[in-house]
1. Does at least one position in region 321-329 carry a residue that is out of contact with any His (no Cβ under 8 Å at 6 or more places or on another chain), acidic (Asp, Glu) and more than 25 Å from ILE161 (Cβ to Cβ)?
2. So which pairs qualify, if the first residue must be in region 45-70 and within 19 Å of PHE211 (Cα to Cα), the second must be not in a helix (DSSP H, G or I), the Cβ gap must be under 8 Å, and the two must be at least 6 apart or on different chains?
3. Name the single residue that is most open to solvent (accessible area, probe 1.4 Å) among those in region 285-310 being aromatic (Phe, Trp, Tyr) and under 18 Å from the mean Cα position of the chain (by Cα).
4. Could you check, for region 263-279, whether at least one of its residues is more than 22 Å from PHE153 (Cβ to Cβ), out of contact with any strand residue (DSSP E or B) (no Cβ under 7 Å at 6 or more places or on another chain), of a type in the set (Lys, Arg) and in a helix (DSSP H, G or I)?
5. For the subset of region 311-361 comprising residues that are over 23 Å from the mean Cα position of the chain (by Cα), among the aliphatic types (A, V, I, L, M) and in a helix (DSSP H, G or I), which member is nearest to LEU394 (Cα to Cα)?
6. Looking only at region 228-248, filter to residues that are open to solvent by 20 Å² or more (accessible area, probe 1.4 Å) and hydroxyl-bearing (Ser, Thr, Tyr); which one of those is farthest from ALA150 (Cα to Cα)?
7. So, ALA177, is that one open to solvent by less than 10 Å² (accessible area, probe 1.4 Å) and either of a type in the set (Gly, Ala, Ser) or under 17 Å from ARG297 (Cα atoms) (or both) or not?
8. If we scan region 152-174, do we find a residue that is within 27 Å of ILE67 (Cα to Cα) and in a helix (DSSP H, G or I)?
Amino acid sequence: MTWGGAPGPGQGPDGPHYYPVAPAGPPARRPAANFAAVAVGFVVIACFAVAVVVYFLLVLPPQVLVIGILLAVVPLCIVLFGIWLVDRWEPEPRVALVFAFFWGAGVSIGAALLFDFAVQTVQSVFGGGKGELSDVLGAVVQAPIVEEGAKGFGVLLVLWIFRKHFDGPVDGIVYAATVAAGFAFVENVQYFSVQVVHQVTYGGGGLGGVFLVRALMAPFGHIIYTSCTGFALGLAARRTGPFGAIGYFFVGLIPAMLLHALWNGALVVVGDRFLAYYVLVQVPIFAACVVGVFVLRYLERRVTRIRLGEYASVGWFDADEVRMLSKGSTRHRALRWARHNGLGAVMRTFISDSTRLASTRQKIVSSRHSEAARAAATRDEAELLSAVSAGRALLQNPRPRFPMAPTASGYPPAGATAPGAQPWPSLQQAWPAPSGSASPPQPPVQPQPRYDANGAPAWPDPEAPDAPPPAPPRRPRH
């Protein structure tokens, strides 16, 4: 992968220097989200979280809460590990994940408690009381509607606030699962703590059974329900704007509520046949969800390969870069090379920006019926192209002097040289040829960007999303 030479004629009138002109320094980035919206969101979360903590301290002894928290950490770790596995290809920003988790743990839990308190107040005022029918309706009707509505609205807020990092169904599932993980953690603390009090007061061994069901047999219950809403909002992120996403939100709530009601209703109806129901119904549902996530992750990698191939066809990437960015194994090798040269942070940012660029390109292609969504994605595209060019320039000409803290943008400061740094070669030059191959590495092909009649860089045609990109030029043989 070689770059350089004289600057090309293409430069946007108000945008960044386009490839192959390397920016002089790190690109100026817009923030990942609106600061005011994030601040207000966290204030709301903090208010609900304080109210939930106060409620728990009023109704449960502190030492019992500690036991409940320790037990609830087990399913939380299982769930967070699963979310990490799904989110590895294009990791979401931490601030968005923290927002999602505490929305589930604070606001969603608080909303469910407030609604339940309101229902009980109405029942007491009009002479109703707790009974078997009331319990069944609360579990099968009230809980799915209120809880999934509160959790799903948190995912919708993430879409609105962190739009730049909400690229498709996989992102929707990751954010939804994170909201649900926060909700399930606090709910498990409540269930386990109440069971400890019951066991200490009345004896028996019910805590083990509750832990088995909630922590080991169904730790992904809430994650599966809310992921239906997240999947729908992921489709909305690609196809429509902020207001159009509201319709997808309500569509996604339907399967989320039904699956939630199916689980809660079964706990009431099946009785002693619960294990058979679990094996015959819940295990296949979980297996289908796992297969669905694998398919979505495969499609996500395919989108990266195809969309970056479109950019390669007009000179923004070369074939080696597309191959490196389209497979996990080659990404790992590139990261090893970068860490060896003291450029691990730069390479991680380059990979992240390139992957987001492919997802942004998919948004542009998919949002044909929403001009506002397409315009926003186009602005993101220009910013990412500038970031990718800056990252490439730093990887080609390593300039950081380590140890040195990276800049806020993720790129090291300009004006220094890494000791022992090697220029960024092509894949063939960077890593040995396959065993048994005697042919020496070939020099990489210089990408040739195209420009229109006005001197602007050529862009892939958004009206032909399924057209395969032109084959890259073949390397000369020596």
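1. yes
2. Every condition considered, the pairs that remain are GLY68/LEU60.
3. Selected residue: PHE294.
4. Yes.
5. Filtering first and then ranking leaves ALA338.
6. My answer is THR240.
7. Spelling it out, ALA177 is indeed open to solvent by less than 10 Å² (accessible area, probe 1.4 Å) and either of a type in the set (Gly, Ala, Ser) or under 17 Å from ARG297 (Cα atoms) (or both).
8. Keep residues of region 152-174 that are within 27 Å of ILE67 (Cα to Cα), which gives none.
Among the residues of region 152-174, not one is within 27 Å of ILE67 (Cα to Cα) and in a helix (DSSP H, G or I), which makes the answer no.
The values are calculated or read from the model by the stated rules, or taken from the named source; none is laboratory data. Model, not experiment: these values are computed from the prediction. Please note: Cβ atoms are built from the backbone with ideal geometry, for glycine as well, and neighbour counts cover all protein chains shown. Note: areas computed on protein heavy atoms with side chains; ligands, DNA, RNA excluded. Shrake-Rupley method; radii C 1.70, N 1.55, O 1.52, S 1.80 Å.
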